[in-house]
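First up is the structure itself, then whatever we jot down about it.
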Amino acid sequence: MVAIIDYGMGNLRSVQKALERVGGRTRIVSTKNGLSRADKIVLPGVGAFGDAMKELTRLRLVEPIKKAIDEGKIFLGLCLGLQLLFDESEESRGVKGLGILKGKVKRFDFKGRGSRLKVQGLKVPHMGWNNIVQSSELGVRSSKILKGVPDGAYMYFVHSYYAEPMDKSVILTTTGYGINFVSGICKGNIYAFQFHPEKSQKAGLKILSNFVRL
């Protein structure tokens, strides 16, 4: 059974429908008992980093999520669900993330004072279709979740922030938008994507199908 975590900030129904379309048996959960009964866990997310951590903390789900991952349950983070895996975010300074992966979430800044990214014509948020480039370093691990997904496949993005992992070996895919940012990660039983596979048509559904069958 795939547990989809409900903390009040996820596009739950579209994720649930997409998983069920590819053969997944799902349940929306908001308690540690719901997580303990699951074989796989999905953490979706739309909204602000700080608000999400506040709700996960209020629901007492932070430690159960970490425990489930430590126990080897297969985890999939989507959009904000990827960012929450890291230590902190520029979106909500002073708020600690799950800290499962070391690194920081940064904001696209193409024209602000002191910007490192001097790119004209790019808007924030990054919204719409863009392609993903698969890392050649992950080998067999990446083939499990990306099996049958062409390199360069287009996915649907809506975000203003991107993760910078300290450990570059966890990078599964990258995408170009002013910079080459991390659009997918993989570490052991952890998978996460910055894009929305549930909105990414055939290629996105293939990723979800692979996840269900892991």
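The values are calculated or read from the model by the stated rules, or taken from the named source; none is laboratory data. Everything numeric in this text was worked out from a predicted model, so none of it was measured. Note that we place each Cβ from the backbone using ideal geometry, even for glycine, and neighbour counts take in every protein chain shown.
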Query raised in the report: For segment 170-180, how many residues are in contact (Cβ under 8 Å) with a residue 60 or more places away in the chain and crowded, with 18+ Cβ neighbours inside 10 Å?
Result: 3
Requested in this report: Could you list, in sequence order, all residues of segment 28-64 that are crowded, with 16+ Cβ neighbours inside 10 Å, more than 30 Å from Lys202 (Cβ to Cβ) and β-branched (Val, Ile, Thr)?
Outcome: Val62
Query raised in the report: Just to be sure, is Ser135 touching a residue at least 24 places away in the same chain (Cβ under 8 Å), surrounded by 17 or more Cβ atoms within 10 Å (Cβ to Cβ), more than 18 Å from Leu80 (Cβ to Cβ) and touching a strand residue (DSSP E or B) at 6+ places or on another chain (Cβ under 7 Å)?
Result: yes
**Report entry** Residues located in segment 142-158, provided they are more than 12 Å from Gly184 (Cβ to Cβ), assigned to a helix (DSSP H, G or I) and touching a residue at least 24 places away in the same chain (Cβ under 8 Å)
**Finding:** Lys144
**Report entry** Residue count for segment 1-21, restricted to those that are in a helix (DSSP H, G or I) and touching a residue at least 40 places away in the same chain (Cβ under 8 Å)
**Finding:** 6
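Residues that are within 22 Å of Phe195 (Cβ to Cβ) and touching a residue at least 40 places away in the same chain (Cβ under 8 Å), at least 1 per element: which strands (runs of 3 or more DSSP E) completely within segment 25-110 meet that?
Qualifying strands (runs of 3 or more DSSP E): 40-43, 74-78, 103-107.
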Query raised in the report: Gly72 versus (1) more than 28 Å from Val212 (Cβ to Cβ); (2) surrounded by fewer than 22 Cβ atoms within 10 Å (Cβ to Cβ); (3) of a type in the set (Gly, Ala, Ser): which is the lone unmet condition?
Result: (1)
Requested in this report: Could you pull out the residue among Gly204, Gly139 that is modelled with pLDDT of 95 or more and out of contact with any Gly (no Cβ under 8 Å at 6 or more places or on another chain)?
Outcome: Gly204
Query raised in the report: Inside segment 8-19, can you point out the residues that are over 15 Å from the mean Cα position of the chain (by Cα) and either surrounded by 22 or more Cβ atoms within 10 Å (Cβ to Cβ) or aliphatic (A, V, I, L, M) (or both)?
Result: Ala18, Leu19
Report summary line: Per the list (1) surrounded by fewer than 17 Cβ atoms within 10 Å (Cβ to Cβ); (2) closer than 22 Å to Lys104 by Cβ, residue check on Arg25 breaks on (2)
Requested in this report: Return only the number of the condition from (1) among the hydroxyl-bearing types (Ser, Thr, Tyr); (2) modelled with pLDDT of 95 or more; (3) out of contact with any helix residue (DSSP H, G or I) (no Cβ under 6 Å at 6 or more places or on another chain) that Tyr191 does not satisfy.
Outcome: (3)
Query raised in the report: Would it be correct to say that Val158 is under 20 Å from Phe108 (Cβ atoms), surrounded by fewer than 21 Cβ atoms within 10 Å (Cβ to Cβ), modelled with pLDDT of 95 or more and within 16 Å of the chain's Cα centre (by Cα)?
Result: yes
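Hey, can you tell me all the residues within segment 29-48 that are hydrophobic (A, V, I, L, M, F, W, C) and under 19 Å from Arg213 (Cα atoms)?
Scanning segment 29-48 gives Leu35, Ala38, Ile41, Val42, Leu43.
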